[in-house]
Every structure is written in C-alpha cells, then in structure tokens.
1. Which residue pairs have Cβ atoms under 9 Å apart, sit 6 or more places apart or on different chains, and have a first residue in segment 50-76 that is at pLDDT below 95 and assigned to a helix (DSSP H, G or I) and a second that is among the acidic types (Asp, Glu) and open to solvent by 60 Å² or more (accessible area, probe 1.4 Å)?
2. When the residues of segment 240-290 are filtered to those that are surrounded by fewer than 21 Cβ atoms within 10 Å (Cβ to Cβ), polar (S, T, N, Q) and under 16 Å from Val315 (Cα atoms), which remaining residue is modelled with the lowest pLDDT?
3. When you look at Leu108, is it closer than 19 Å to Leu27 by Cβ and at pLDDT below 90, yes or no?
4. Quick one: count up the residues across segment 128-142 that are under 14 Å from Leu97 (Cα atoms), outside any helix (DSSP H, G or I) and either open to solvent by 70 Å² or more (accessible area, probe 1.4 Å) or modelled with pLDDT under 70 (or both).
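The values are calculated or read from the model by the stated rules, or taken from the named source; none is laboratory data. Quick caveat: nothing in here was measured; it's all calculated off a predicted structure. Using ideal geometry, Cβ is built from the backbone for each residue, glycine included, and neighbour counts are taken over all protein chains shown. Each accessible area value is taken on the protein alone, full model and side chains, heavy atoms only, with ligands, DNA and RNA left out. Shrake-Rupley method; radii C 1.70, N 1.55, O 1.52, S 1.80 Å.
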Amino acid sequence: MDDRRSAAGDAHLPLEQHNQLITWYVLFTITQVTTLVIVMLDRDPLAERLSAAGLLVLNALWFVAYGKKLVERGEDDWRGFVYAAGSLVTWAPAVWLTGNATFALFGLVPQIYMVLPLSWAIYPAAVFVFTPQILTWLAGSDAALPWAAALLIIGFSQAFGWAISRIAHQNKQRGELLERIEALTIEAERARWSADIHDTLAQGFTSIITLLQGAEPNVGLALQTARENLREARALVASNAPSPLDGSSLEDALRRLVSGVALPSSFRVIGDPVSLPTAVEVVLLRTVQEALNNVTRHSGASRVDVVMRFDSDGVSLEVRDDGRGFGDALEGFGLRGMRARLEQVGGTLSLSSDEGASVLVEVPL
C-alpha cells in the first residue's frame, strides 16, 4: 500500500494532516462550484445545462459518500478503482451534454492520486483526461483540448501524484520521528522521577523507620526527617530545586544531610568554594544522599565522613565509611542512578573498598 496512508490516518486525524486534507476539500469544492457556474452560464439548451449540473452534483455526493472515506483512511487499493468508476459515470455524461463540464477535471484528477497508488493512478487519470476528447470526437465537434495538451496534462498529473506521495512519505517519517522523540522524552522523565523518588522520599522513609526502630528511638530526628520528606515531595511536584538547597548553599545543605545520619559523622570543605551551576549542585546533593543511605542500610559501618574539595580542576566529593565495603556485590538501582546523573553534568563516579568503602564523585568545571 502506498505511503499516502500516513497522510490520512483514520477517523481521528492529527491536526496537521486534517488541515492538509481540508486544503484538498476546498480545492475540490472550488472546482465543482466553478464548473457548475460555467455550465449554467453556457448557451446550451436549459435542459442540457440542468442535467449536466445535476450530474455534477451527483459526482460531488459520490465523493462525500465514498471517496472522502478512502482519502481519510488512506485505503489506496482496489477500492480506488471503484471510486474512479463511479466518478467517471457521473461526470462523463455531463461532459457529453456540455463541454464546459470538462473544468471539473481540475478537482477530479488529484482525487485519483489520493485514492490509488502512484503506479495505478495513471491509468484512470488518462481515462479522465481523454474522456472529453473522445466524447467531443464522437459528437463530431472540435476536441475540448488539443491532443498534445491532453498528453501534457497526463504527464503533469503523474508528476503531481509523485509530489503528493513524496510529501506524504516525508510526513510519515516526521510523524514516526516525533513519536520516537516523545517516547524517549517520557522514558527519560520516568527515569528522572524514579531516581528522584529513590534518592529522596524512599531514603527519607528508610531513615525514619531506622530512627524509630532503634534501641533508643530518636523521635525528634525522625520528625525532622519526615518534615524534610514532605518538603521534598512538594519540591518534586512543583519541579523546583531539592528542598535542602532551598534558600541555602550546597555546603550548608550537605552539612545538614551528614548531621542527620544515625551514626557518628563529619563533613569538611577543602579549598575555596565557588559558585556551581544548579544542575551540578542537584547532582552532588543527590549523590551524597544516596551514598549516605547506602552506608546506613548496607555497610554495617560505625562512622562515615564526607569531604568536599574545590581545586582548579573542579569539585569532588568523597563519602567514606569504615564498614564492610562493596565486595563483589552488583551495583543496584541507586548506584546506577548516581552514575546516570553524573554523566549528565560530565562527572564521574569511583568506588573503592580499601579499609571500608569510599564513593568518590568528581565534576570538572
């Protein structure tokens, strides 16, 4: 089947394709109305003019009842021949009655190329173009068009049909590309939300459970973490920066995160802090959140230390604990999410298990 299917689709057409079809409908309407006016203003007998006008109206109704559905559904197969035959049956007698009905060709021939594949359409198109010639010859009158002009019209019609097919094919490719872009955008957005929820809300709830299930439940810190989680949820919904960064520097936000860990911890800044892009700050904050969550849940450590370093090459963050290390365990969703985030800002993630575990994040500036 021809690629023009994409230019029509089904009953629920995309807006752009619908507008393109409206253009063809307007062209057909203009040619039909113009032909009717010319026929009625002719000097032929009134009965012949009225009969020809009635046949042209039937021709238009045939398109509305049958041809229009083929155009919109892109069903360019044998049914196109059925439409072409019905159109010829209602138009050719009008041409026999008055040669001015020939003007309807300007609207009828493009329809042939919209309901049939390009390689098929040339045959009924030739029949339509030569019909006035043959009828006037049979009537003993001069041909409505010179034969050379009729051949030229057929060649032009074929070129016109090729252009229609070409445009439809390009529209199909563009539509498929837009669908792929939309699918990738949705996938990336889902991944971002999954990472944000994992790095914030899930970790916060885990911390709350840990704080309340301990031998000496720390209700105050659990309440603080719950409030922080609520701010994170509101920030995610509003697509704002992470709530720990709201109104404070990255260093202060990291210091609060480290101080909220349920085991001895420390946070140091080495070098002169510089202003960082918001995207980099968000990535660094999320990375430390994930690393601290892993320390709390999996490391069995008794202490964790976080060092932030600024130098001429960029900024780095190291989260080190004295736990069991990574061993041969496979990277989970959290570490994969950390790597993906860092790649977005040109950063790298390094893991080591020398006397505990170390997570080193480096972002060039």
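1. Sorted first by the residue in segment 50-76, then by its partner, the pairs are Glu72/Asp10; Arg73/Asp10.
2. Thr278
3. Yes, satisfied.
4. Counting residues in segment 128-142 that are under 14 Å from Leu97 (Cα atoms), outside any helix (DSSP H, G or I) and either open to solvent by 70 Å² or more (accessible area, probe 1.4 Å) or modelled with pLDDT under 70 (or both) gives 2.
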